[in-house]
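One structure is given here, and the rest of the page talks about it.
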Amino acid sequence: MTRLVTLLGYALLAVAAVGAEVAARRRGSGTCGDALTLALRSRLARFILLGAWLWLGWHLFVRVDWG
Amino acid sequence: MQHDDRDGENAGDLDREAPVCDRTRDGGRAARLLATVLLAAYAWWAVGLAPFSGRATAAVVLGGAAAMAVGARERQRRRSPRAGDTAGIATWAALAAIAGAWQLAAYLQHPRADHPTLSSLANEVLDSHVARALAFIVWIAAARGLARR
């Protein structure tokens, strides 16, 4: 797997996400926000998402030495 | 005629209330502008702190906690799920799983230059202080958005 293939994979996923959001908005339900709202009804999901979000902040803004 | 008179009175009331509404709207706008400026200043300061330091950790955690608290105060009333939501959540769950698998595949292979992870790509994008401050603002906004749900 080369850099180009890896980047293509990320780009395809981004395009798929945008497509899914556009299709959901046309349907009137099933947007990313709807899915998040539904998932966050579970206390476990809230806990996992809070942890992931905190980790992301720490990873991006604390852990990296920008020199 | 009496109806018309009452309408006239109401119209007068509306005229008298209009400046109050304008003042409220202007006040809200000013408060939002002030909050945006303060957030930008905080973001600029926070991403400039020494990496791996206690101050940087505290700045990130406290900023995030404040955003969560603001979002929780604005929490929207939960609506009942619609028919399309289940299909929607399945689509988003599948996309998240594929993204996770792709990221893991890249992470397990070397060298990193040939197999970039989202983290290594973010490091390239967030090289400047301005980009990091903007990313911090997005992260804070996401916290508020999540807490509102």
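The values are calculated or read from the model by the stated rules, or taken from the named source; none is laboratory data. Just so it is clear, the model here is predicted, and its values are computed rather than measured. Note that each Cβ is placed from the backbone with ideal geometry, even for glycine, and that neighbours are counted across all protein chains shown.
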Query raised in the report: Based on what the data block shows, is B:G88 more than 7 Å from every other protein chain (Cβ to nearest Cβ) and either touching a Gly at 6+ places or on another chain (Cβ under 8 Å) or at negative phi (or both)?
Result: no
Query raised in the report: When you look at B:E124, is it under 13 Å from the mean Cα position of the chain (by Cα) and either at the interface with chain A (Cβ under 7 Å from one of its Cβ atoms) or exposed (fewer than 14 other Cβ atoms within 10 Å of the Cβ) (or both), yes or no?
Result: no
Report task. Would you check which residues across the range A:24-50 are more than 7 Å from chain B (Cβ to nearest Cβ) and either among the hydrophobic types (A, V, I, L, M, F, W, C) or assigned to a helix (DSSP H, G or I) (or both) and list them? Result -> A:R25, A:R26, A:G33, A:R43, A:L44, A:A45, A:R46, A:F47, A:I48, A:L50
Query raised in the report: B:V20 is checked against (1) under 26 Å from A:L54 (Cα atoms); (2) at pLDDT below 90; (3) of a type outside the set (D, E, K, R) and fails just one. What number does that condition carry?
Result: (1)
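Tell me the helices (runs of 4 or more DSSP H) entirely within the range B:32-149 that contain at least 2 residues that are free of Cβ contacts under 8 Å to residues at least 12 places away in the same chain and under 30 Å from A:L7 (Cβ atoms).
B:83-107, B:118-125, B:129-148
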